[in-house]
1. For the stretch A:315-347, what are the residues that are under 15 Å from residue A:134 (Cα atoms) and either in contact with a strand residue (DSSP E or B) (Cβ under 8 Å, 6 or more places away or on another chain) or in the same structural domain as residue A:264 (by TED's automatic domain parsing) (or both)?
2. Within the stretch A:269-276, is there a residue that is touching a residue at least 40 places away in the same chain (Cβ under 8 Å) and under 22 Å from residue A:176 (Cβ atoms)?
3. State which residue pairs qualify: first residue on the phi > 0 side of the Ramachandran plot and inside the stretch A:287-303, second residue surrounded by 14 or more Cβ atoms within 10 Å (Cβ to Cβ) and in a helix (DSSP H, G or I) in any location, beta carbons under 8 Å apart, and separation of 6 or more residues or different chains.
4. Report yes if some residue within the stretch B:100-108 is crowded, with 20+ Cβ neighbours inside 10 Å, touching a helix residue (DSSP H, G or I) at 6+ places or on another chain (Cβ under 6 Å) and part of a helix (DSSP H, G or I); otherwise report no.
5. Among B:74, B:61, which is the only one that is within 20 Å of residue B:28 (Cβ to Cβ), free of Cβ contacts under 8 Å to residues at least 60 places away in the same chain and within 7 Å of chain A (Cβ to nearest Cβ)?
6. Any residue in the stretch A:241-261 that is within 19 Å of the chain's Cα centre (by Cα) and within 14 Å of another protein chain (Cβ to nearest Cβ)?
7. Of the residues in the stretch A:93-117, how many are modelled with pLDDT of 95 or more and assigned to a loop (DSSP other than H, G, I, E, B)?
8. Does residue A:262 satisfy the condition of being under 27 Å from residue A:299 (Cα atoms), out of contact with any helix residue (DSSP H, G or I) (no Cβ under 8 Å at 6 or more places or on another chain), assigned by TED's automatic domain parsing to the domain that holds residue A:143 and at pLDDT 95 or above?
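The values are calculated or read from the model by the stated rules, or taken from the named source; none is laboratory data. Only a predicted model underlies this, so the values are computations on that prediction, with no experimental measurement involved. A quick note on method: Cβ atoms are made from the backbone with ideal geometry, for glycine too, and the neighbour counts reach across all protein chains shown.
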C-alpha cells in the first residue's frame, strides 16, 4: 500500500583490476552494493628489510586471474548471464599487469557479448566512496597513497580536475622511507601512526607550503630532514626517541595535507571532502581532517580500510557510473600506463 | 672512452642540461640515471620530461615502479629500486619500444632487460649545489647525441 513499485531491474557490473601488485575481481550490484570482492595479493610472502619485493610480473596476474574470477562468481551465486557490463582498469599502472586485466575483460565481454568499460585507476579510488554514500557535488578528493598525493576537484560525475599534486615523493612513500630509517617493520605507515600516538612533537620538521596559493605538495625535504636528524643523532652517539620522531614527522605530513585540503575546499566552495588511497587509513590524518572541518559545513568522508587499498569493487563502482552515462569501450580497448585522469574524463 | 663531463652549479642548470638532452633524444631511446639520494635525479628527470614536451608534474615512481607521461612522444620514468630481488619482467620491452623515451633509475636491478645501446648518466654530488653530470653513451647514436649536447 502506498509503496511505489520499482520495476527497475537490478544491474550487475563485473569489475577487474590488475594495475600493480593485486589481481582483483568484484561484482557490484546497482553501483553501490558489493556482492563479491576478491583480492589476491601478490606481495604477501616477499618481505625484506623495510620493503617488499613486488610480484608485478604479468605472469603472476595470469596465474591468479582465473582463480580470482571463479571465486568472485562462486561468492556471488551469480552466473555470467546476470552480468550487465564488464569494467576494467585501463590505466595508469604497469603496462604488463594492466594488459592481463584488459585482455581478460575483453575476452569475457566478447565471448558473452557484454558491454565493456575502461576505468581510470584513481577514478576508481575516488568512486570507492560511492559504495558507502552517493556523492554531493562539487567535491574535493584527497588521494593519498604510496604512489599518489593529489587533490582532485569534481564538479560532476566523471569530471576530474587535478588542482594539486606532489612535486616529488608521495605521502605514503615518505612514510615508508622514514619507517625504514627508523628500522620499523614493514609496512611502516601503520607503525609510524601507532608510535605517533605516544611521542611528543619536538623536532619541528619542515612543512612545505610552496608558493602562495599553490595546492601542490612536496615531501622530499621533510623526508631528508628526518633522515638527517636520525643520522646526526646516531653519529653523536645520542639516542633518539623514535616515538618523538614519528609524532613530529606525522604532524608535519598531516598539517600540510589537512591545511591544503581545507584551503582548496574553501577556495572552490565544495560541499564534501572524499579521502581515498591507502594513507586514508592513517588515524592521525583522519582525526586531523575531522578536527579541521569540525566547525565547517563541509562533510568529510573517509572509506573503510578495505576500500582504501587496491581492489576491484571500486572499479565496479566507477564502472557503474560510466555504464549509466553510456560510456562504452570498443574492442580496441588497450592498457594505457600513462592514462591521464583529466583527459580520461573528457573522453 | 667516450665519457663526457658537465659541471652544473644550481638545480636549474641541471634541469636545463636535461631539457636540452630531451630535445635530442629519439623515439625508443633509453637513458639510465644513477646518483646518491639528493643528487638531483628527480630534477634531471623533470628537465628531460620538459624537453620532451611533458606538461604534467613529474613525480616519484618509487612505489608504482613506472610512471608514464604523454609529451610530444610518450615518456616513461622507471624506478627499479623495488625490483632488487625480483628478477621478473614487468613488460620492459613494451616501454622501451613504444616510440617513447624511457629513463631508468636503479638500472643495476634490471640490467639484463635493458637494451645494450643506451645513454648511461651518473650525477655526482659536489659542494653545495655543485653537480658533476657524467655521460657514458653506448652505441654510435648515443655518442652522437652526447657530442650534440656540448654544442
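1. A:316, A:317, A:318, A:319, A:320, A:322
2. Of the residues in the stretch A:269-276, the ones touching a residue at least 40 places away in the same chain (Cβ under 8 Å) are A:269-276.
Still in the running and under 22 Å from residue A:176 (Cβ atoms): A:275-276.
Within the stretch A:269-276, one or more residues are touching a residue at least 40 places away in the same chain (Cβ under 8 Å) and under 22 Å from residue A:176 (Cβ atoms).
3. Filtered contacts from the stretch A:287-303: no entries.
4. Checked the stretch B:100-108: no residue is crowded, with 20+ Cβ neighbours inside 10 Å, touching a helix residue (DSSP H, G or I) at 6+ places or on another chain (Cβ under 6 Å) and part of a helix (DSSP H, G or I).
5. On the way: B:61 fails: within 7 Å of chain A (Cβ to nearest Cβ).
Result: B:74 is the single residue among B:74, B:61 that is within 20 Å of residue B:28 (Cβ to Cβ), free of Cβ contacts under 8 Å to residues at least 60 places away in the same chain and within 7 Å of chain A (Cβ to nearest Cβ).
6. no
7. Number satisfying all stated conditions: 3.
8. On the way: under 27 Å from residue A:299 (Cα atoms): yes; out of contact with any helix residue (DSSP H, G or I) (no Cβ under 8 Å at 6 or more places or on another chain): no; assigned by TED's automatic domain parsing to the domain that holds residue A:143: yes; at pLDDT 95 or above: yes.
For residue A:262, the condition - under 27 Å from residue A:299 (Cα atoms), out of contact with any helix residue (DSSP H, G or I) (no Cβ under 8 Å at 6 or more places or on another chain), assigned by TED's automatic domain parsing to the domain that holds residue A:143 and at pLDDT 95 or above - is not met.
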